[in-house]
Amino acid sequence: MKVTNLAEDTEDFTGNIWLMENGEKVLIDTGTGDSWKNIRELKKVDKVILTHSHYDHIDNLPKVEDGYSPKIYAFQPENLPVGAEKLEEGDKIDLCGSKFKIFHSPGHKDDSICLYSGEEKILFTGDLIFPDGGFGRTDLEEGDREKLIESIKKLIGLEVEEMYCGHEEAAKEDVEKQIRRSLEEAKKRESKY
């Protein structure tokens, strides 16, 4: 399975747009701003999974729906500008021939999810955690440090070789240690901003 970031080399602030390819083309988030130019070069988009509904992750969604008519999935479809199928905690969804388990991961935003494939050892975290011990903001509406800590705990013990976050580059070395470090940093309860 090939994973690339369509938000790379964009000038506008945007969340990452992870493109998974293995026959099927799946977008994890759709970003905002000039990242659209990279999406529109695709011949097709079969599915879109939204990690959460902050604008920098969903702003291009109406254009993606209009241009490709993909199946769209989210934890709280009512938060989106287009129709989508609802995902629940523990659901398993087939993406590019691999099963991904859904983890509801509030703390940054109530409708946040992570997706994990034990087969591929791949984790998509949205804005829950970032490489090198980073974690999502909890000072925004719906932010809650205690919920964020509990959400990160769900990821402890997963076998992860590749972690794809909502911002920053992918993590591909000592990923499980990086997840534990994010938990430790969040537990310090120090203000990030």
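What follows draws every value from the coordinates through simple rules; no lab data is involved. Only a predicted model underlies this, so the values are computations on that prediction, with no experimental measurement involved. All Cβ positions, even for glycine, are placed from backbone atoms using ideal geometry, and neighbour counts span all protein chains on display.
Please pull out the direction-averaged projected area of segment 45-125, using the convex hull of its alpha-carbon atoms, in nm² to one decimal place. Display every interim value, and only then the final one.
Details: hull surface 20.2 nm².
Orientation-averaged projected area of the Cα hull: 5.0 nm².
Please state the relative contact order of the chain as a whole percent: Cα pairs under 8 Å, 6+ residues apart? Walk me through the numbers before you get to the answer.
On the way: 457 pairs, mean separation 28.4, N = 193.
Reported as a whole number, the value is 15 percent.
Distance cut-off 22 Å, Cα to Cα: go down the list LYS99/LYS177; LYS47/LYS121; LYS2/LYS37; LYS101/LYS188; LYS99/LYS147 and report the pairs above it.
On the way: LYS99/LYS177 24 Å; LYS47/LYS121 20 Å; LYS2/LYS37 20 Å; LYS101/LYS188 29 Å; LYS99/LYS147 26 Å.
From LYS99/LYS177; LYS47/LYS121; LYS2/LYS37; LYS101/LYS188; LYS99/LYS147, over 22 Å: LYS99/LYS177; LYS101/LYS188; LYS99/LYS147.
For segment 44-83, which trypsin sites (Lys or Arg not before Pro) pass both filters: DSSP loop (anything but H, G, I, E, B) and at most 11 other C-beta atoms within 10 Å? Write out the running numbers ahead of the final one.
Numbers: sites: LYS44, LYS47, LYS63, LYS71; in loops: LYS44.
For trypsin sites (Lys or Arg not before Pro) across segment 44-83 that sit outside H, G, I, E and B with at most 11 neighbouring Cβ atoms in 10 Å, the list reads LYS44.
Quick one: order THR14, THR4, THR138 by neighbouring beta-carbon count within 10 Å, fewest to most. Mind dumping the intermediate values first?
Numbers: THR14 24, THR4 13, THR138 21.
Least to most surrounded, the residues fall as THR4, THR138, THR14.
Taking all pairs of distinct Cα atoms, average 1/r, flip it, and tell me the Kirkwood hydrodynamic radius of the chain in Å to one decimal place.
About 16.4 Å for the chain.
What residues have an amide H closer than 5 Å to that of VAL160, excluding those fewer than 5 places away on the same chain, when H is modeled at 1.01 Å from N in the peptide plane?
So VAL160 has HN proximity to GLU176.
Can you give the helix-only mean residue ellipticity at 222 nm for the chain, where every DSSP H stretch with n ≥ 4 adds -39500 (n - 2.57) and the sum goes over all residues, rounded to the nearest 500 deg cm²/dmol? Let's see the in-between values first.
Numbers: 5 runs with 38 residues, N = 193.
-5000 deg cm²/dmol, from helical runs alone.
What percent antiparallel are the DSSP beta bridges of the chain, to the nearest 5? Before the final figure, lay out the partial values.
Numbers: 23 of 35 bridges.
Looking only at bridges with both residues in the chain, the antiparallel portion is about 65 percent.
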